[in-house]
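The values are calculated or read from the model by the stated rules, or taken from the named source; none is laboratory data. Bear in mind that the values here come from a model prediction, so they are computed numbers and not experimental data. Cβ atoms come from the backbone with ideal geometry, glycine included; neighbour counts cover every protein chain shown.
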Amino acid sequence: MQRRPLGRTGLDVSLICLGTMTWGQQNTEAEGHAQMDYALDRGVNFFDTAELYSIPPAAETQGSTECIIGSWFASRKNRDKVILATKVIGRSDMTWFRKDGSKGRLIRSQMEEALDSSLKRLQTDYVDLYQLHWPDRAMPWGSNPTRFNPADYRTSGEETPFHEVLEILAGFIKAGKVRHVGLSNESAWGTMRFLAESEAKGLPRMQSIQNAYNLLNRTFETALAEIWLREDVGLLAYSPIAQGYLSGKYLDGARPAGARSTLFNRGQRYEKPGAEAAVRDYVGLAREYGLDPSVMANAFVNSRPFVTSNIIGATTMEQLKLAIDSEGVTLSPELLGKIDLIHQLRGNPAP
């Protein structure tokens, strides 16, 4: 398994990262344990989770994924073999994360509670990478990232200043609970603000950014890729097969039994105008070259130099094997050229 440097940490993480967000709803504890066993055996040394998981978010299942990882660590006694990443929620109206029922904020009391709760569920004394799941400020991302309205950037109450968030994280590192810190669902402006505050005040440096990246959403390439090049803040790419849409299984309105969009109806990000036409083109191209469409989609993400690690997810062992096997698939220059031709025509229909 190929490994790549995680920012400037000195850690090398596997090109494939094991995503875990289905464990606790779509997957049982036993299935989560089996996935971790298999991934570790295949050379995957990087696991990603969050206090939010499992997905979709719900009070009844919040933290369940971390609990499954924690019970695996306890039974396998192999915490030292895994580079573990988890996340703290950003500003949110969800009230079930904190004991006092507060809405989510990136403030000291909430972040301290979040980290201690995650460590308890994970049955570990530390996490290798602690990430801000999304910002404490309003910004365009997720379901409607392309509509710019200045009013959307004015949140109720004051945003936590960047340097204060970094000071809180510095305390976690000093206490030995966190080794390194990173971002998620962040913009180029936000990333550079964190880096500037870090350099100016001698605070911890953001080492990575976990954003969506796939054939339907290559927006990372426009600004954030330059930050990777100049600042060594690499991409931890999530949703590499666009929540399964790039496998082709949802074409023509199909809803396979047990699939995420069938169960939860949460695929709107990949059902925007133009998305299905793009999926059809990419699926057809993969089949033209004798590739499983999901393998081609993962292999494309793997091939990008700015990708530190590709966060794959699976609900079955067959899906997991295909995703991990993509690490050994090299896309020819000719095929990559045809992918770029489709991108020129279809753009980013699902940012």
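Brief remarks on what is shown
- Qualifying residue in segment 42-61 (condition: more than 23 Å from residue 260 (Cα to Cα) and either more than 19 Å from the chain's Cα centre (by Cα) or without any contact (Cβ under 8 Å) to a residue 40 or more places away in the chain (or both)): yes
- Residue in segment 33-53 that is in contact with a Gly (Cβ under 8 Å, 6 or more places away or on another chain), over 22 Å from residue 302 (Cβ atoms) and of a type outside the set (Lys, Arg) present: yes
- When residues of segment 181-220 are limited to those that are among the hydrophobic types (A, V, I, L, M, F, W, C) and assigned to a helix (DSSP H, G or I), the one farthest from residue 160 (Cα to Cα): 220
- Any hit, segment 260-275, residues being crowded, with 19+ Cβ neighbours inside 10 Å, closer than 30 Å to residue 229 by Cβ, within 24 Å of the chain's Cα centre (by Cα) and modelled with pLDDT of 95 or more: yes
- When residues in segment 71-106 are screened for being outside any loop (DSSP other than H, G, I, E, B) and farther than 23 Å from residue 6 by Cα, 7 of them pass.
- Residue in segment 151-158 that is modelled with pLDDT of 95 or more, surrounded by fewer than 19 Cβ atoms within 10 Å (Cβ to Cβ) and among the charged types (D, E, K, R) present: no
Okay, residues lined up against (1) among the small types (Gly, Ala, Ser); (2) free of Cβ contacts under 8 Å to residues at least 40 places away in the same chain:
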site	(1), (2)
225	yes, no
232	no, no
250	no, yes
266	no, no
285	no, no
309	yes, no
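- Taking residues in segment 1-20 that are farther than 15 Å from residue 326 by Cβ and without any contact (Cβ under 8 Å) to a residue 60 or more places away in the chain, and partners anywhere that are part of a strand (DSSP E or B) and aliphatic (A, V, I, L, M), the pairs with Cβ atoms closer than 7 Å and at least 6 places apart or on different chains are 3/13.
- Residue that is farthest from residue 327 (Cα to Cα) [pool: residues in segment 26-50 that are surrounded by 16 or more Cβ atoms within 10 Å (Cβ to Cβ) and of a type in the set (Gly, Ala, Ser)]: 50
- Qualifying residue in segment 225-247 (condition: surrounded by fewer than 22 Cβ atoms within 10 Å (Cβ to Cβ), under 30 Å from residue 4 (Cβ atoms), modelled with pLDDT of 95 or more and over 21 Å from the mean Cα position of the chain (by Cα)): yes
- The number of residues in segment 301-351 that are part of a helix (DSSP H, G or I), within 30 Å of residue 50 (Cα to Cα) and either among the aromatic types (Phe, Trp, Tyr) or out of contact with any Pro (no Cβ under 6 Å at 6 or more places or on another chain) (or both) comes to 14.
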